[in-house]
Structures are given as C-alpha cells and as structure tokens.
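*Asks:* Okay, handing you the structure first.
The values are calculated or read from the model by the stated rules, or taken from the named source; none is laboratory data. Because the structure is a prediction, the values reported are computed rather than measured. Methodologically, a virtual Cβ is constructed for each residue, glycine included, from the backbone with ideal geometry; neighbour enumeration extends over all protein chains shown.
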Amino acid sequence: MNLSTRSPGSAGSGISPIWVVAAGLAIIFGGLLIGSFAPAILPPQASAESRQIDALFRFMLAIGGSIFLLVQGMLVYSVIRFRAKPGDASDGAPIHGNTTLEFVWTIIPAIIVTVLALYSVSVWNSTHSIKPNEQTVGAVGARYAWTFNYQLDARALPSGVTLDQLEPNIRAAVENGGLTLSSTQLHTWVNQPVAVSMNTQDVNHAFWIPGMRVKQDLLAGRTTEIRFTPIEAGVYRIVCAELCGSGHGNMAGSVDVNGNLVGAWLIVHESEDAFRSEFFDPLARAALFPPEDPVERGRQILASGVYPCASCHVVDDLGWNGAVGPNLNNVGSRAATRVAGESAEEYLRISIRMPGAYLVPGYNNLMPQFNAEPGQPNYMPDDDLDAIIAYLLTLKTS
Ligand code: CUA
C-alpha cells in the first residue's frame, strides 16, 4: 500500500474485523454504563410514575451515550490515523459522497427515533391516564405562590360535626357541594393517586415536582391537569419552571405526603384516615367554625394560603419568609405614620386594594391588586379584608 497519499477510500482496509467488533461492543457497553448514571443525577423516586419516566430517561441516555462515544471515538481515531506527515502540505482527496454510508446514517437514526417515539407515547399514556379513586386537588398559580384547594362537601365533615351546628351561610355552601379549603401545601398520602387541576390568576407558570417527575404548564384562560401517585412519604419541593416575573425564583411550594402509617403492612385506608385527622379535619373545622374575633379570623385567612401573600412578605408569626415585598413584622407600628392624613387602617386598605398607591421606598409595584367584586381577578371580599387588616394592625415590633 502506498502510504504517501492519504486516501480515505483505503483507510478502513487495514483494520481487522476484530477491532471493529471490539469498538462496537465498547460503544454499546459504554452507552449502557453512561445510562446507568441516571439515578445519580435525578432526585430519589417519589412517585409510581417516576419509575417509568426514569426508565425512559435511562434508555435515552444510553442511546445518547453510545452515539457520543461513537462520534468522539471516530474523531480521536481520525485525528491520529489521518494526521499529516511532516512536510506534507497537500490537500486531502476530494470525496463525492458514499451512498452506503448515507443510507446507514439515515436509516439508523430513523429507527432510533421511531422506537423512542413509541416508547415515549406508551409512558405518556400510562402516566396521564385517569386512575381509580383519585384525590382531586385544585392548584392556583399566582405571582409568586401556589395555593391548593380542596372541596369540602356534606359527606366529608370532620367526625362529630353535623350540618345543624353550622351557621346558615356556611351550611348552605357545604350543602351546595362547595366549601373550598385552601392551603399553601399540597397534602396527600402514600399510594393515593392525585389529580391536580391547575389554573393561573395572571401569567403562565409551570408546576414542577422534580421528585414526582411531573411538570406541566399553567396557561392563562385554560385548565391543565397533571397526575401522580406518591410512593414515598416525605415533603417534596414544588418549583415554578416558567419565567413569570421578578419573583419567579421565589415561587416555590411543597407536597406533603403523609407517612405516619407507612410500613410493610400499609393499608391505604388507614393512611387516608391519618391524612384526614392531621390535615383535612383541622382545616375543615377552621373553615366550618370561623373565629368570631376578627384578629383571629384574619390570621386564619392569611395562614390558609388562600391569598398568595406568603411568597413575598415576611411575617414571623405565620412563618412567612418571602423576600420580594416589604417585611410585615412591624406593619402595625408604621402603618399609622406612613402617609400623612391616612389612618393605619385606611393605609392598609388602600395598599391591598390599590398596591401601587403608596409604595414603600425601595420596593417596586409588583403586588397584584386584590379586588372587591366577585368575578374580578384576585377577588378578596370586604369581610376578608377587614379581618386581615385587624390582624395586620396587631403586628408590632416591641
Ligand atoms: Cu411562576 Cu415562574
């Protein structure tokens, strides 16, 4: 063989088939090895769906890993094998295509993409299918917080509570199928299929629970859904995955998967009872028997998360640590002196109904306007507002 000309056509002729087979096996097993790293780069699996999603991911990572090794291997091989000899300044031989190669590099990706598409569709269909006995939770995204809503109807009253004990307006709401309980956390229990039905009050957001492997956009004017079945007790992070404004990075929440009765002998029904007694019943009792005292009621309303204040403000008493808006720990002390001629109560009322009216120095006009009319976005009834103001006025630094 004449080595003085570098002809690509003759390049492969010197390679033993044993080397080709060895390289092929190295690429395939190398891809599988890369795919096996998947669990190391993902959070622990917390939902039944995460097993299927991770298997699909590992499969794609193995294929991608093999292609990576093939391309990089060819690159390194070519750099060494076809390097210019000292003093050789000639061009390489011109190449006018290779039908066999082009056929191979078209048909192989076509097969890979077809297999991935079929596999992905089957995982999608399985993870998105409606499960029997689902717990339905409403999720509302609003800059910059998540609120979760649970329907309380007459069949789900806490034990010992009867309809006769309720005030007429609350009783009517329960009987009409809809007293909505709100929480800043999504509460559920192990092995309970959850269907989350999502709406946004303002711009698009994205609901992402990395541990459950679910992510779904919230679209203005539409209701979107996501489903998962928790398999491990714990508290899991919820993250907003759609850039929605300056507080996007703070738009976090959590899923609390009740695990008090988790064990090898776990019975779903017992876990549901634990969920009811620990989370649902106290929330239901608070909503069914609202405190008379407006300060107590205001505190209860804010603590429920029905308004998304927690993500932007600090209130130590409620465990809020938002960093976007003014700290409210001392708002009861300074509200009276903020604007000349406005009482503390009026100042707070205007600041909630028209947040842009009196901005605290150093803060931008980011807060949503809370409106007084039903049907308007961010509806806050006057009753709620009065109670919230009564509570805020008690927040004073000593
Ligand atoms: Cu909501 Cu980002």
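*Asks:* Which residues, counting only those in segment 226-256, are more than 16 Å from the ligand (Cβ to nearest atom) and among the hydroxyl-bearing types (S, T, Y)? First the steps, then the outcome.
*Replies:* Kept after step one, since they are more than 16 Å from the ligand (Cβ to nearest atom), are these residues of segment 226-256: 227-236, 255-256.
Selection gives T229, Y236.
*Asks:* Inside segment 295-398, counting only helices (runs of 4 or more DSSP H) that do not spill past its ends, which hold 3 or more residues that are touching a Gly at 6+ places or on another chain (Cβ under 8 Å)?
*Replies:* Details: elements: 331-338, 344-353, 382-392.
In segment 295-398, the matching helices (runs of 4 or more DSSP H) lie at 382-392.
*Asks:* Continuing with the same structure: Criterion first (assigned to a loop (DSSP other than H, G, I, E, B) and touching a residue at least 12 places away in the same chain (Cβ under 8 Å)) does I95 satisfy it?
*Replies:* Details: assigned to a loop (DSSP other than H, G, I, E, B): yes; touching a residue at least 12 places away in the same chain (Cβ under 8 Å): yes.
Taking the combined requirement at face value, the residue satisfies it.
*Asks:* Could I ask something else about it? Identify all residues within segment 51-100 that are small (G, A, S) and under 30 Å from F228 (Cα atoms); write none if there are none.
*Replies:* From segment 51-100, those small (G, A, S) are 55, 62, 64-66, 73, 78, 84, 87, 89-90, 92-93, 97; that's our starting set.
Answer for segment 51-100, where residues must be small (G, A, S) and under 30 Å from F228 (Cα atoms): A55, A62, G64, G65.
*Asks:* Separate question: Consider A142 carefully, then state whether it is more than 29 Å from F57 (Cα to Cα), within 16 Å of the chain's Cα centre (by Cα) and buried (at least 16 other Cβ atoms within 10 Å of the Cβ).
*Replies:* Values: more than 29 Å from F57 (Cα to Cα): yes; within 16 Å of the chain's Cα centre (by Cα): yes; buried (at least 16 other Cβ atoms within 10 Å of the Cβ): yes.
Answer is yes for this residue.
*Asks:* Would you point out the residue of segment 144-165, among those that are hydroxyl-bearing (S, T, Y) and in contact with a strand residue (DSSP E or B) (Cβ under 7 Å, 6 or more places away or on another chain), that is farthest from I301 (Cα to Cα)? Walk me through it before giving the result.
*Replies:* Of all residues in segment 144-165, those hydroxyl-bearing (S, T, Y) come to 144, 147, 150, 159, 162.
Keeping just the survivors that are in contact with a strand residue (DSSP E or B) (Cβ under 7 Å, 6 or more places away or on another chain) gives 147, 150.
On the way: T147: 13, Y150: 15 Å.
This residue is Y150.
*Asks:* Still on this structure, please answer the following. Only one residue in T188, T223 is within 18 Å of the chain's Cα centre (by Cα) and surrounded by fewer than 15 Cβ atoms within 10 Å (Cβ to Cβ), so which one is that? Show your work before the answer.
*Replies:* Values: T188 fails: surrounded by fewer than 15 Cβ atoms within 10 Å (Cβ to Cβ).
Of T188, T223, the one residue that is within 18 Å of the chain's Cα centre (by Cα) and surrounded by fewer than 15 Cβ atoms within 10 Å (Cβ to Cβ) is T223.
*Asks:* Could I ask something else about it? Looking at segment 16-47 only, could you name the residues that are polar (S, T, N, Q) and under 27 Å from M212 (Cβ atoms)? I'd like the intermediate steps shown before the answer.
*Replies:* The initial filter retains those residues of segment 16-47 that are polar (S, T, N, Q), namely 16, 36, 45, 47.
Scanning segment 16-47 gives S36, Q45, S47.
*Asks:* Looking only at segment 243-275, count how many residues are out of contact with any helix residue (DSSP H, G or I) (no Cβ under 8 Å at 6 or more places or on another chain) and either at pLDDT 75 or above or part of a helix (DSSP H, G or I) (or both).
*Replies:* 21
*Asks:* Does any residue of segment 215-225 turn out to be within 9 Å of the ligand (Cβ to nearest atom), among the acidic types (D, E) and not assigned by TED's automatic domain parsing to the domain that holds S304?
*Replies:* no
*Asks:* Report yes if G177 is out of contact with any Asp or Glu (no Cβ under 9 Å at 6 or more places or on another chain) and part of a loop (DSSP other than H, G, I, E, B), otherwise no.
*Replies:* On the way: out of contact with any Asp or Glu (no Cβ under 9 Å at 6 or more places or on another chain): no; part of a loop (DSSP other than H, G, I, E, B): yes.
Against the criterion (out of contact with any Asp or Glu (no Cβ under 9 Å at 6 or more places or on another chain) and part of a loop (DSSP other than H, G, I, E, B)), G177 does not qualify.
*Asks:* Identify, please: which residue in segment 191-214 is more than 16 Å from the ligand (Cβ to nearest atom) and outside any strand (DSSP E or B) and is, among those, surrounded by the most Cβ atoms within 10 Å (Cβ to Cβ)?
*Replies:* M212
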